[in-house]
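Structure, as structure tokens:
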């Protein structure tokens, strides 16, 4: 079984990966309240994962277009600038 | 252009609401960055207008510090007027030289304030805090940081001095809290043991040359808490509220878009609503838990 076929099989559950990492990030952000730089780094990791996930998800789904990726990039940028403004 | 098209997908084309378009996202980002930039400009042009409102009391900081020590069965520390004077001199120097650090740009170190005030210690320590809204959050932040906790719950200390001063730091109206600990007891029981200072979790053992270079502090210092300068705009709250408003707007519109498309039974090649909502939800939670205060 190739990696691609495995990924395709698990495709419908892919969103759970984002949800799981988001929950881990949420716990870390709450626990690391006294360390805003670390909080931001953790959040940055989530954003990198989110963008990578989006790329793979839409590639497998055959719905990867420039407009779709721009939606992810702009959402990620909005989340980042707002978090940066509050934390750093 | 119909008003509802700004909030819900188009009835026929099923195109996203205008407020969810790429242009709208770019506008949100631009608006937030413009707000941050305007804060920087105001801090440069009109220093002291922006800042954080605070209600920190010196006696509360000492009381809460002692509560933390008592929890661990340690003896309480007693307020020392000379250490108060040293802490106040340190805070005043931070405003005068405009720095946020244990060591001043001109080379003044924490022990020069303690020894300069006339407190001949064998062991001392310094904790700093700024931009907290109340005394409890200051002490909690110190307790959550291992290097600051080391000072708060250090059994060697007998005395404490605290200064809470308002002033302008980097153009922003700031409340500084300086906490100094010390003991005059000879802990090593050696006649020539050098004094040691714990600064940011690092112990600095003072040399003879460092001790000889200490000058006494000017006597013009008072021990009263400096009166607070009126903060016109709490930039942190404005930034936080605006960020939360933007994220909430996008979250609600994404939810509406998701529900409307499901009801219409329409498939649209687009990004994953739930993934966006999860990431923006974490950003909102980060905003809610963020604190403007920082410790050193």
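Summary of values
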quantity: Selection from the range A:59-73 of residues that are outside any helix (DSSP H, G or I), at the interface with chain B (Cβ under 7 Å from one of its Cβ atoms) and surrounded by fewer than 15 Cβ atoms within 10 Å (Cβ to Cβ); calculated: A:65
quantity: Subset of the range A:9-35 that is at the interface with chain B (Cβ under 7 Å from one of its Cβ atoms) and farther than 20 Å from residue A:72 by Cβ - its residue that is surrounded by the fewest Cβ atoms within 10 Å (Cβ to Cβ); calculated: A:30
quantity: Some residue of the range B:48-64 being within 14 Å of chain A (Cβ to nearest Cβ) and part of a helix (DSSP H, G or I); calculated: no
quantity: Test for residue A:88: is it surrounded by fewer than 12 Cβ atoms within 10 Å (Cβ to Cβ) and over 15 Å from residue B:285 (Cα atoms); calculated: yes
quantity: Tabulated pairs, the range A:39-67, first free of Cβ contacts under 8 Å to residues at least 12 places away in the same chain, second assigned to a helix (DSSP H, G or I), C-beta under 8 angstrom, 6+ apart or interchain; calculated: A:58/A:68; A:58/A:69; A:64/A:55; A:64/A:58; A:65/A:58; A:67/B:22
quantity: Set B:255, B:187: member being surrounded by fewer than 20 Cβ atoms within 10 Å (Cβ to Cβ), modelled with pLDDT of 85 or more and more than 10 Å from chain A (Cβ to nearest Cβ); calculated: B:255
quantity: So residue B:17, is it more than 14 Å from chain A (Cβ to nearest Cβ) and at pLDDT below 95; calculated: no
quantity: Verdict on residue B:35 being closer than 30 Å to residue A:80 by Cα, touching a residue at least 12 places away in the same chain (Cβ under 8 Å) and within 13 Å of chain A (Cβ to nearest Cβ); calculated: yes
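The values are calculated or read from the model by the stated rules, or taken from the named source; none is laboratory data. This structure is a prediction, so every number in the text was calculated from the model and none was measured. FYI the Cβ positions are ideal-geometry reconstructions off the backbone, even for glycines, and counts take in every protein chain you see.
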